[in-house]
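Once you've had a glance at the structure underneath, I'll fire off some questions.
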Amino acid sequence: MDKEAQAGVDVWKYALGFDVMRVVKCAIELGIPEALESHGKPISLSDLSSSVGCPEISLHRIMRFLTHHGIFEKQITDAPHYPGSVFYAQTPLSRLLSRDNMGTFVLVQAGPEFGLTAKDLKAGKGSGVEASPDESIIWNMVIDKEYDKLFQEFLGCHAKVATSAVIDNCSKIFQGIGTVVDVGGHEGTAIGMLVKAFPWIRGINFDLPDVVSGAPLLQGVDHVGGNMFESVPKADAVMLMWILHDWSDKLCVDILKKCKEAIATETGKVIIVEAVIDEEGEDEYTGARLALDMTIMSSTVNGKERTAKEWAQLLDAAGFSRYTFHYMKAIDSVIEAYP
Ligand SMILES: C[S@@+](CC[C@H](N)C(=O)[O-])C[C@H]1O[C@@H](n2cnc3c(N)ncnc32)[C@H](O)[C@@H]1O
Ligand SMILES: COc1ccc(-c2cc(=O)c3c(O)c(O)c(O)cc3o2)cc1
């Protein structure tokens, strides 16, 4: 196909691209992945309709669309009593889209309104220019209670997914560490998983007082409330997961300096879990990292995903003497930084 013809095909991905996400979101809200899973075998349209409470006529159109996109699988039975009957089945992808897996990512992304506008961009959003003097206002939109609840659920899911990748790929970095403080650890999901995987570690979950006051009790983890711009609890290692991408370079340096003060100069380290954008090469997660950068641009004042060079500049500015990048087959990488 020549370039003009290919463009004519590709433009539809952009012209109607949001619709794929809208329908996937609907399927997650309806609980279709869970309904298929609990049925245990391919399910007919009428059984699926009763299970999720959606009329057959619209569910048929939704499933036609989603099977076309490979989210679910359509099977036509040739059983004598049901010739030509259509049944629907899970795929590896639809299993990952259940609410207790990555489903809440989609719900949060699709969220009340996805608010990156030309007006915001023209006013300097995402450029690093101070769009607002107060960077503590992360959100540029009004958040209702229900959406806030969903966002908290999404953070818990993110912590599970990201920490599993760290445990599976980077266990070595936790050898011989006595205490780890997870700065901005939300309700402690990540540090709870690390303490379980590496039982020699004592964990500290550090977040804003309002956040830790609602956190569940976790074995081997102390919850500490505070403000990372003022001080960070002392530990052998400090972890920062999906924290620095929320803030400007200047405030990241402030946070990193506070983390450096919390560890021993000779033996301590800071463990950063974040995306590293590769502008030269690509791997299968490049698209996801760039999409995350767009999300962060739309939802923070001056946050961004950073390249390896930008990470190095931040760490140099905060006074770290050396750092090591660990790349994983995941959206995130791990950076170990030493005082
Ligand atoms: C994007 S969430 C990341 C949560 C978790 N680390 C993860 O990766 O899923 C950012 C966290 O930083 C916390 N946070 C924001 N400002 C903070 C501050 N000044 N001091 C401590 N924690 C803060 C928020 O409450 C929130 O839990
Ligand atoms: C309305 O639609 C949305 C708004 C914000 C987000 C969102 C996704 C994140 O991953 C994310 C994040 O990681 C983060 O650190 C943050 O401060 C905000 C944030 O917002 C998704 C959809």
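The values are calculated or read from the model by the stated rules, or taken from the named source; none is laboratory data. Quick caveat: nothing in here was measured; it's all calculated off a predicted structure. Don't worry about glycine lacking a Cβ; one is built from the backbone with ideal geometry, like all the others, and counts go over all protein chains shown. All accessible areas refer to the heavy atoms of the entire protein, side chains included, with ligands and DNA or RNA removed. Shrake-Rupley method; radii C 1.70, N 1.55, O 1.52, S 1.80 Å.
If I ask for residues that are touching a residue at least 24 places away in the same chain (Cβ under 8 Å) and open to solvent by less than 40 Å² (accessible area, probe 1.4 Å), which ones from segment 28-58 would you list?
Within segment 28-58, Ile28, Gly31, Ile32, Pro33, Leu36, Ile43, Ser44, Leu45, Leu48, Cys54 qualify.
If you check Lys25 against the conditions, is it open to solvent by 80 Å² or more (accessible area, probe 1.4 Å) and closer than 26 Å to Met102 by Cα?
no
Restricting to segment 240-260, name every residue that is closer than 18 Å to Arg322 by Cα, in contact (Cβ under 8 Å) with a residue 40 or more places away in the chain and more than 15 Å from ligand 2 (Cβ to nearest atom).
Val253, Leu256, Lys257, Cys259, Lys260
Okay, moving on. Residue under question is Ile263, and the condition is that it be in contact (Cβ under 8 Å) with a residue 12 or more places away in the chain and within 16 Å of ligand 1 (Cβ to nearest atom); does it hold?
Criteria not met by Ile263.
What are the residues in segment 197-208 that are more than 11 Å from ligand 1 (Cβ to nearest atom) and either open to solvent by less than 80 Å² (accessible area, probe 1.4 Å) or of a type in the set (A, V, I, L, M, F, W, C) (or both), if any?
Ala197, Phe198, Trp200, Ile201, Gly203, Ile204 - these are the residues of segment 197-208 that are more than 11 Å from ligand 1 (Cβ to nearest atom) and either open to solvent by less than 80 Å² (accessible area, probe 1.4 Å) or of a type in the set (A, V, I, L, M, F, W, C) (or both).
Consider Phe18 against the criteria (1) surrounded by fewer than 17 Cβ atoms within 10 Å (Cβ to Cβ); (2) hydrophobic (A, V, I, L, M, F, W, C); (3) touching a Cys at 6+ places or on another chain (Cβ under 8 Å): it satisfies all of them except one. Which criterion is unmet?
(3)
Restricting the search to segment 311-327, which residues are out of contact with any Lys or Arg (no Cβ under 8 Å at 6 or more places or on another chain) and of a type outside the set (Gly, Ala, Ser)?
Matches in segment 311-327: Trp311, Gln313, Leu315, Asp316, Arg322, Tyr323, Thr324, Phe325, His326, Tyr327.
Of the conditions (1) more than 8 Å from ligand 1 (Cβ to nearest atom); (2) free of Cβ contacts under 8 Å to residues at least 40 places away in the same chain, Asn227 clears all except one; give me its number.
Tallying (1) more than 8 Å from ligand 1 (Cβ to nearest atom); (2) free of Cβ contacts under 8 Å to residues at least 40 places away in the same chain, Asn227 fails exactly one: (1).
Applying the selection to segment 167-198, what residues are within 16 Å of ligand 2 (Cβ to nearest atom) and of a type in the set (A, V, I, L, M, F, W, C)?
Within segment 167-198, Val183, Ala190 meet the criteria.
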